[in-house]
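S.K.: Please see the structure below; I have some questions.
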Amino acid sequence: MNESAPAEGPREEAPGMPDGPAGSPDGPVAAPPAPRRTRSGAVVVGPTAIARWRPLALVGLPIIALLLCPFAATGIAQWQQGRAAAGLDDLLTRALGHGALQLLVGAIVLWILFALWALVPILATHKVALLDEDARTLTLRRGLRTAGTAPLAQVVYAVGEAERGSTGLIGVDRGGEEPERWILPEVAWDEESFDGLRVLQAAAGLRPAPSRRVLAALARRSRRGAAHRELAARLGMPWRPEYEEDEAAFGAEFDRVRRVIGGKEPPREGDPRP
């Protein structure tokens, strides 16, 4: 893949990185990354195909299999009746004569089939980067084939948000006007996936991002702060700097202002009028 990089300069830092001695808001010592690794020891940047497939296979597909199991049970019942009509009277034929067991077996069979079918397109389209720390090379894998390889010295940026659905971007300087851009979907699928990006940042001489858990907490706090500011603006409530850190103080003042507007409490100086 040979897409041009965004207009930012090289050696970028991951977005959302707070200032501090260790690049983390939770203390001077950041949690060390623990990425997934291949059998050969290469660091996996982003989620593996199995990591993306597992929630679907263990949560979503069993529900679908349960909903459709009556259709599979009908086929199993016909198969069982055919065996019985042929004079077979083994344990399997007798066991499958029970409707409850037919439903159970039908659900299990559908679950296995759906899980295998779902794995095929994931394996065929999945993209991930593999970092060989010993050889100092980075390999982009698309499905089961290699889509690109670059020395680690050519990596000029590696960024990605820390929330589900975000895309990782890796810039590779091939000597052209702009770096080649590698795109990694779902780079923050889980903690291990994002830790692979953090290891790549450190290995490439970039500033490593804090852990996914820390950045996700910062993002949630930012969203809550924006929502609180909007609520305060709707009431005409003055915003105070302490509300950024103390949600309980904001909640208490917000409830008081609502009572003032509702005429249930006398206003103070600076309060919006009902």
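The values are calculated or read from the model by the stated rules, or taken from the named source; none is laboratory data. Please read these numbers as outputs of a predicted model, since none were measured by experiment. All Cβ positions, glycine included, derive from the backbone under ideal geometry; neighbour counts span all protein chains shown. Ligands, DNA and RNA are excluded from the accessible area calculation, which covers all protein heavy atoms including side chains. Shrake-Rupley method; radii C 1.70, N 1.55, O 1.52, S 1.80 Å.
S.K.: Please provide three numbers in whole Å: the alpha-carbon extents of the stretch 223-272 along the principal axes, with the largest listed first.
M.R.: Principal-axis extents of the Cα atoms in the stretch 223-272, largest first: 30, 17, 15 Å.
S.K.: Additional query: Sort 201-213, 85-97 by packing, meaning the average of other beta carbons within 10 Å per residue, with the highest value first.
M.R.: Details: 201-213: 19.9, 85-97: 11.2.
With the highest mean Cβ count within 10 Å placed first, the list reads 201-213, 85-97.
S.K.: Quick one: what are the phi-derived ³J(HN,Hα) couplings along the stretch 92-101, Karplus 6.51/-1.76/1.60 with θ = phi - 60°, whole Hz, x for glycine and proline?
M.R.: 5, 5, 5, 5, 6, x, 8, x, 5, 6
S.K.: When the Karplus curve 6.51 cos²θ - 1.76 cosθ + 1.60 is applied with θ = phi - 60°, which whole-Hz ³J(HN,Hα) does each residue of the stretch 171-176 get, with x for Gly and Pro?
M.R.: x, 10, 7, 9, x, x
S.K.: Can you give the alpha-carbon Rg of the stretch 182-272 over 2.2 N^0.38 Å, where N counts its residues? Display every interim value, and only then the final one.
M.R.: Values: Rg = 20.3 Å, N = 91, 2.2 N^0.38 = 12.2 Å.
Dividing the Cα radius of gyration by 2.2 N^0.38 Å gives 1.66.
S.K.: Classify the stretch 80-232 as rounded, prolate or oblate from the Cα gyration tensor: take a ≥ b ≥ c as the square roots of its eigenvalues, call it rounded if a/c is under 1.5, otherwise prolate when a/b beats b/c and oblate if not. Numbers along the way, then the final one.
M.R.: Details: a/c = 3.94, a/b = 1.90, b/c = 2.07.
Since a/c reaches 1.5 but b/c is at least a/b, the shape of the stretch 80-232 is classed as oblate.
S.K.: Excluding ligands, DNA and RNA, what is the solvent-accessible area per residue of the stretch 49-119 at a probe of 1.4 Å, expressed in Å²?
M.R.: Values: 4410 Å² over 71 residues.
Accessible surface, normalised per residue, equals 62 Å².
S.K.: If you don't mind, there's one more thing I want to ask. Within 15 Å, Cβ to Cβ, of W189, how many net charges do the neighbouring residues add up to if Lys/Arg are +1 and Asp/Glu are -1?
M.R.: Working: positive: R36, R52, R54, K127, R164, R198, R212, R213; negative: E161, E163, E186, D190, E191, E192, D195.
Net charge around W189: +1.
S.K.: Charges on Cβ only, +1 for Lys and Arg, -1 for Asp and Glu, centred on the Cα centroid of the stretch 62-187; of A85, V109, P151, which one is farthest towards the dipole's positive end?
M.R.: A85
S.K.: Counting only Cα atoms, I'd like the Rg/Rh figure for the stretch 164-227, Kirkwood definition for Rh. Please list the in-between numbers first.
M.R.: Values: Rg = 14.0 Å, Rh = 13.2 Å.
Dividing the radius of gyration by the Kirkwood radius yields 1.06.
S.K.: Any idea what the dipole of the chain comes to, in debye rounded to 20, about its Cα centre with Lys/Arg Cβ at +1 and Asp/Glu Cβ at -1? Could the numbers behind the result be given before it?
M.R.: Numbers: 33 positive and 33 negative charges, 160 e Å.
Roughly 780 debye for the chain.
S.K.: Oh, and also: Could you give P(r) for the stretch 30-105, binned at 5 Å from zero, as whole percent values over all Cα-Cα pairs?
M.R.: 3, 13, 15, 12, 10, 9, 8, 7, 8, 8, 5, 2, 1, 0
S.K.: Let me ask something else. Quick one: helix 247-261 against the long Cα principal axis of the chain, what's the angle to the nearest 10°, folded into 0 to 90?
M.R.: Its long axis makes an angle of about 70 degrees.
S.K.: To continue, here is another question. Please compute the Cα-Cα pair-distance distribution of the chain with 5 Å bins starting at 0, giving whole percents from short to long.
M.R.: 1, 5, 9, 11, 10, 9, 8, 8, 8, 8, 7, 6, 5, 3, 1, 1, 0, 0, 0
S.K.: With axes computed from alpha carbons, what is the tilt in degrees of helix 212-235 against the longest principal axis of the chain, rounded to the nearest 10 within 0 to 90?
M.R.: Its long axis makes an angle of about 60 degrees.
S.K.: Can I ask one more? Helix 191-203 sits at what angle to the longest principal axis of the chain, using alpha carbons and giving 0 to 90 degrees rounded to 10?
M.R.: 60
S.K.: Rounded to the nearest 20 Debye, what is the dipole magnitude of the stretch 127-195 about its Cα centre when Lys and Arg each give +1 and Asp and Glu each give -1 at the C-beta? Before the final figure, lay out the partial values.
M.R.: On the way: 8 positive and 14 negative charges, 90 e Å.
Roughly 440 debye, rounded to the nearest 20.
S.K.: Using only the alpha carbons, work out the radius of gyration and Dmax of the stretch 85-162 in angstrom.
M.R.: Looking at the stretch 85-162, its Cα Rg and Dmax stand at 24.2, 72 Å.
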